[in-house]
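All remarks here apply to the structure that follows.
The values are calculated or read from the model by the stated rules, or taken from the named source; none is laboratory data. Every value quoted in this text rests on a predicted model; they were computed, and no experiment measured them. Neighbour counts are summed over all protein chains in view; Cβ atoms, including those assigned to glycine, are modelled from backbone coordinates with ideal geometry. In case anyone asks, the SASA skips ligands and DNA or RNA and just uses the protein heavy atoms, side chains included. Shrake-Rupley method; radii C 1.70, N 1.55, O 1.52, S 1.80 Å.
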Amino acid sequence: MPGDFGIDRVATARLVGRRPEPTDGAALARWYTDPAIDEAAWPEHLRTTEDARTHAEAAIAHWERWGFGRWTVFADGTPVGQVGLSHTSVDGRPEVEVGWFIDPAVWGRGYATEMAHEALRVAFDVLELDSVVAFTTPANTASLAVIAKLDMTYEREIIHAGLPHLLYRVTR
């Protein structure tokens, strides 16, 4: 049963996050298919327009089911990414993941780190979770940098989406 946590909209010093809406799918598809994304970090065959549409629908459904999820993130009124929390499974065990996907046009501005810190605040202070995970491919140096800034601890290598990923965790 979803909770009413009052987290449909959050803000940081530079960013606003709100629950995803169906109209967000177009921006997400543009970001997913951007050729700036390193093939080694996230293979092109796993980030198609259809994958983006499915992801957008899943993000909305997650909010409807659980009362929290990934926000569509805006900087100065422009959508710049999707960051937040979602249920996932690691080796068959349920977990809550902090995840981010930022428009390649605005990489390097610290948006993923800024909003991921807000997501962890919500995870621990509002949802009262004990731990949160994050994982990424070994080649995704930008995500590994965000994970380091979140003070997450390396646990082990896992397989996700058929690819090796590195699993990290942070506790309350």
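Taken over region 108-161, the residue count meeting the criterion of being among the charged types (D, E, K, R), under 22 Å from ALA75 (Cβ atoms) and assigned to a loop (DSSP other than H, G, I, E, B) is 1. Only one of the numbered conditions (1) of a type outside the set (Gly, Ala, Ser); (2) more than 12 Å from the chain's Cα centre (by Cα); (3) modelled with pLDDT of 90 or more is not met by ILE102, and that is (2). The set of residues in region 15-37 that are part of a loop (DSSP other than H, G, I, E, B) and exposed (fewer than 15 other Cβ atoms within 10 Å of the Cβ) comprises GLU21, THR33, ASP34, PRO35, ALA36. Remark: pairs (first residue in region 81-100, farther than 16 Å from TYR32 by Cβ; second residue open to solvent by 20 Å² or more (accessible area, probe 1.4 Å) and basic (Lys, Arg); Cβ separation under 8 Å; 6+ apart in sequence or on different chains) = GLY84/ARG70; LEU85/ARG70; SER86/ARG70.
Residue-wise test of (1) in contact (Cβ under 8 Å) with a residue 60 or more places away in the chain; (2) open to solvent by 60 Å² or more (accessible area, probe 1.4 Å); (3) aromatic (Phe, Trp, Tyr).
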position	(1), (2), (3)
ARG109	no, yes, no
LEU120	no, no, no
LEU129	no, no, no
THR141	yes, yes, no
ALA145	no, no, no
ARG156	no, yes, no
ARG169	no, no, no
ARG172	no, yes, no
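For GLU64, all conditions in the list (1) without any contact (Cβ under 8 Å) to a residue 12 or more places away in the chain; (2) more than 16 Å from the chain's Cα centre (by Cα) hold save one; what is the number of the exception? Just one mismatch for GLU64, condition (1). Among the β-branched types (Val, Ile, Thr) and in contact with a strand residue (DSSP E or B) (Cβ under 8 Å, 6 or more places away or on another chain): does that describe THR113? No: the conditions fail for THR113. Taken residue by residue, region 39-50 has at least one member that is closer than 27 Å to HIS165 by Cβ, surrounded by 15 or more Cβ atoms within 10 Å (Cβ to Cβ), among the charged types (D, E, K, R) and at pLDDT below 85.
Residues that are open to solvent by 30 Å² or more (accessible area, probe 1.4 Å), among the charged types (D, E, K, R) and at negative phi within region 60-104 comprise GLU64, ARG65, ARG70, ARG93, listed in sequence order.
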